[in-house]
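Worksheet for the structure shown next.
Please treat every number below as a calculation from the coordinates, not as lab data. Model, not experiment: these values are computed from the prediction. Every residue, glycine as well, gets a Cβ built from its backbone with ideal geometry; the counts of neighbours run over all protein chains shown.
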Amino acid sequence: MAESVEDLLGFVDLNELRFKWPSAFIFFCGGSSSDIPKDAVSLRHYLLRERKIEARLDGKVILAEAANQLYRDSSYTDLITYEEDIAQISRVILLIAESAGSLAELGAFSSSEQIKKKLSVLMQQKYFDAESFVRYGPIERLQKEDESRVAFFPWRVNGKGRVIKASVKDHVTEIVRFINKKIADVPETFQFGLASNKDYRDFALVLWLTGVAQAITAERLSDYAEKMGHPISRARVMNCFYCMKLAGWMDLCPYSGSTYLIRKTTVDVVDRFAFTAGSRLKDSSRWTALAQAAIKKEAGLPQPLLRTVMEMRDG
């Protein structure tokens, strides 16, 4: 007799699973953007649009503006809470302190324990010893924890608010090196059960179960998480989804009266599988195949839906 979904989930030693995120991304905050690539309205715009540094970075760039759009679809009560969750799954929160908006973000981010531990800042060299609240407030707080998380560069701005390209062009390589060093500082894998990784758990379980199921409703995922001993409410499932949609890891698939969560990437997010001592299964590939079949039967997932999901996946 085939095992039920609950039986199969019970074979997994969740606390011993080691996870990895499908990809590295940088949540990039800073000055404004322009439709004209060579209009240096901000250092961020110059680096991304004119110098095209993303191709040299060890992670995908996600602009803060994209989070603002998805935030409105989520059930988060405020943007900072959403960005705190984004920080959990990002490699780096990179902020260029170059505008009123980015300075406000710097103050908020440096006050959030969740964001602060991933935060790195680029700042004009002329402010290194300037008498200001920003320099001796949030910047000083970051530097006292880790001086290397704040990088000063001598770029200048003209009277029209445009970056003087000659003041920064020779420093782009070092800026790229700084960002990549911050990415490399973050471990690529983490064990579910360790207390130090508790902030990652909801995201890891939502992402993994979605991949196992191939397509799953938020309600069913919440039920499976509870069966595994790690309850996640439906609202929390959806909030995790909106963070991971921003990362490009998940999407929605509306189909025949239901809305399913799907995983966009085919990358395996479990770096090390683990079974309970009493499990009759010891092969992770066999477990995954049985779990997919059991979920498909229990949830009544039609084959055309699963074909649609495969077509929506990357790679």
Among the aspartates and glutamates, select those whose C-alpha is under 16 Å from the C-alpha of Lys116, and discard any that sit fewer than 8 residues away in the same chain.
Glu83, Glu84, Asp85, Glu105, Glu140, Glu145, Asp146, Glu147, Asp185, Asp199
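What does the charge count near Arg162 come to, summing +1 for each Lys or Arg and -1 for each Asp or Glu among other residues with Cβ under 12 Å from its Cβ? Don't skip to the answer; put the middle values down first.
On the way: positive: Lys38, Arg156, Lys160, Lys165; negative: Asp39, Glu50, Glu98.
Net local charge, Arg162 excluded: +1.
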Gaussian network model of the chain, Cα springs within a sub-10 Å range: biggest mean-square fluctuation belongs to which of Ala294, Ala247, Ala97?
Ala294
Quickly estimate the mean residue ellipticity at 222 nm for the chain, helices only: each DSSP H run with n ≥ 4 gives -39500 (n - 2.57), and the total goes over all residues, rounded to 500.
-11500 deg cm²/dmol
Placed amide H near Val12: partners under 5 Å, 5+ positions off or other chain:
Thr276
Within-10-Å neighbourhood charge of Tyr71 [Cβ basis; K, R +1; D, E -1]:
-2
For Val61, residues with placed amide H under 5 Å, excluding near neighbours
Ile26
Under 12 Å from the Cβ of Ala218, count the other residues' Cβ atoms, weight Lys and Arg +1, Asp and Glu -1, and hand me the total.
+1
Would you work out the charge dipole size for the stretch 25-184 about its Cα centre, treating the Cβ of every Lys and Arg as +1 and the Cβ of every Asp and Glu as -1, and quote it to the nearest 20 debye?
680 debye
Would you please give the residues with an amide H less than 5 Å from that of Ser34, counting only those at least 5 places away or on a separate chain, with H modeled from the backbone geometry?
none
Cleavage-rule hits (trypsin sites (Lys or Arg not before Pro)) in the stretch 41-141: DSSP loop, at most 16 neighbouring Cβ within 10 angstrom:
Lys52, Arg72, Lys117
Suppose every Lys and Arg Cβ carries +1 and every Asp and Glu Cβ carries -1, with no other charges. What dipole size does the chain come out with about its Cα centre, to the nearest 20 debye?
840 debye
Please sort by residue number the chymotrypsin sites (Phe, Trp or Tyr not before Pro) in the stretch 190-282 whose DSSP state is loop and whose Cβ has at most 15 other Cβ atoms within 10 Å.
none
Taking the chain as a Gaussian network, Cα atoms linked when under 10 Å apart, which of Ser284, Ser110, Ser120 shows the biggest mean-square fluctuation?
Ser284
In whole Hz and in residue order, list the ³J(HN,Hα) couplings for the stretch 91-98 that follow from phi through the Karplus curve 6.51 cos²θ - 1.76 cosθ + 1.60, θ = phi - 60°; x for Gly and Pro.
7, 9, 9, 9, 10, 9, 7, 9
So which of Lys20/Lys296; Lys60/Lys227; Lys160/Lys245; Lys144/Lys264 end up more than 32 Å apart by C-alpha?
Lys60/Lys227; Lys160/Lys245; Lys144/Lys264
Once phi for every residue in the stretch 246-258 is put through the Karplus expression 6.51 cos²θ - 1.76 cosθ + 1.60 (θ = phi - 60°), the whole-Hz ³J(HN,Hα) values, with Gly and Pro written as x, are 4, 6, x, 8, 9, 7, 9, 10, x, 8, 6, x, 10
